[in-house]
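Undergrad: Next up is a structure, given as structure tokens.
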Amino acid sequence: MERTYVMVKPDGVQRGLVGEVISRIEKRGLKISALRMNVMSEDAAKEHYKEHVERPFFASLIEYVVSGPSVSMVVEGKDAVPIMRTINGATNPVEALPGTIRGDFAIETGRNVVHASDSVESAEREIGIHFNGSEVCGYSRIDETWLYE
Ligand code: IDP
Ligand code: MG
């Protein structure tokens, strides 16, 4: 099983899309093993996006992601990392296919509603920034025997 870090960004919270995002994750069959709403600290945001520190959009990205409450999740399942990236759609919503979150609900890259880790290594790093081990619940979904062969 893989784990990934998923965030409904502040625009997604303000636009009432938390339930929509969670619903897509749950219906796909992925397991939510941690869930929290908070205003991300600037330190956590800078650590989270540190690969982009040299990019021209870094300051506005940090400002955006700490601008209001966001919802953080740990999402688990077989191939959870690539499946969540596919659920979210392309970074630039112009290129995101209909049926993806960004393809259905976003217009601009700088307001693209959701985040999901881009690799297993990034996922473990990001989960470590945003959650304590004790906040992550280990349990089985009752439908797992019907999700996995
Ligand atoms: P990802 O979120 O699909 O992994 P990244 O390239 O890692 O995409 O970029 C992280 C986030 O930074 C994007 O989701 C978006 O919010 C923001 N971002 C990336 N490129 C731009 C840009 O050119 N302008 C404004 N914001 C950007
Ligand atoms: Mg990324």
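Please treat every number below as a calculation from the coordinates, not as lab data. Note that the coordinates shown come from a computational prediction; the quantities given were computed from them, not determined experimentally. Cβ coordinates were reconstructed from backbone atoms using ideal geometry, including for glycine residues, and neighbour counts include every protein chain displayed.
Undergrad: If I ask for residues that are among the basic types (Lys, Arg) and buried (at least 16 other Cβ atoms within 10 Å of the Cβ), which ones from the range 12-26 would you list?
TA: ARG24
Undergrad: Here's a follow-up. Using the structure shown, decide if ILE129 is within 16 Å of ligand 2 (Cβ to nearest atom), aliphatic (A, V, I, L, M) and over 14 Å from the mean Cα position of the chain (by Cα). Before you say what the answer is, go through the steps one by one.
TA: Values: within 16 Å of ligand 2 (Cβ to nearest atom): yes; aliphatic (A, V, I, L, M): yes; over 14 Å from the mean Cα position of the chain (by Cα): no.
No; evaluated as a whole, the condition is false for this residue.
Undergrad: Same structure, new question: One residue is enough: does the range 118-138 have a residue meeting the conditions farther than 24 Å from GLU2 by Cβ and within 11 Å of ligand 1 (Cβ to nearest atom)? Break it down into steps so the answer makes sense when it comes.
TA: We begin by selecting, within the range 118-138, every residue farther than 24 Å from GLU2 by Cβ; these are none.
No.
Undergrad: Give the residue, chosen from VAL94, VAL74, that is more than 15 Å from ligand 1 (Cβ to nearest atom) and of a type in the set (A, V, I, L, M).
TA: Working: VAL94 fails: more than 15 Å from ligand 1 (Cβ to nearest atom).
On inspection, the qualifying residue turns out to be VAL74.
Undergrad: Take the conditions surrounded by fewer than 17 Cβ atoms within 10 Å (Cβ to Cβ) and within 14 Å of ligand 1 (Cβ to nearest atom) and apply them to LYS9. Does it pass? Lay out the reasoning, then the answer.
TA: Values: surrounded by fewer than 17 Cβ atoms within 10 Å (Cβ to Cβ): no; within 14 Å of ligand 1 (Cβ to nearest atom): yes.
Considered against the rule, which asks whether it is surrounded by fewer than 17 Cβ atoms within 10 Å (Cβ to Cβ) and within 14 Å of ligand 1 (Cβ to nearest atom), LYS9 comes out as no.
Listed here are the residues, each with its yes/no results for (1) among the β-branched types (Val, Ile, Thr); (2) out of contact with any helix residue (DSSP H, G or I) (no Cβ under 9 Å at 6 or more places or on another chain); (3) over 17 Å from PHE57 (Cα atoms).
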residue	(1), (2), (3)
ALA80	no, no, yes
THR86	yes, yes, yes
GLY89	no, no, yes
LEU97	no, no, yes
ASP104	no, no, yes
GLU108	no, yes, no
ARG111	no, no, no
ALA116	no, no, yes
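Undergrad: How do the helices (runs of 4 or more DSSP H) wholly within the range 48-149 filter down when requiring 3 or more residues that are touching a strand residue (DSSP E or B) at 6+ places or on another chain (Cβ under 8 Å) and under 21 Å from GLY12 (Cα atoms): which remain? So that I can check it myself, show each step before the final result.
TA: Details: elements: 58-65, 80-88, 101-105, 120-130, 144-147.
The qualifying helices (runs of 4 or more DSSP H) are 80-88, 101-105, 120-130.
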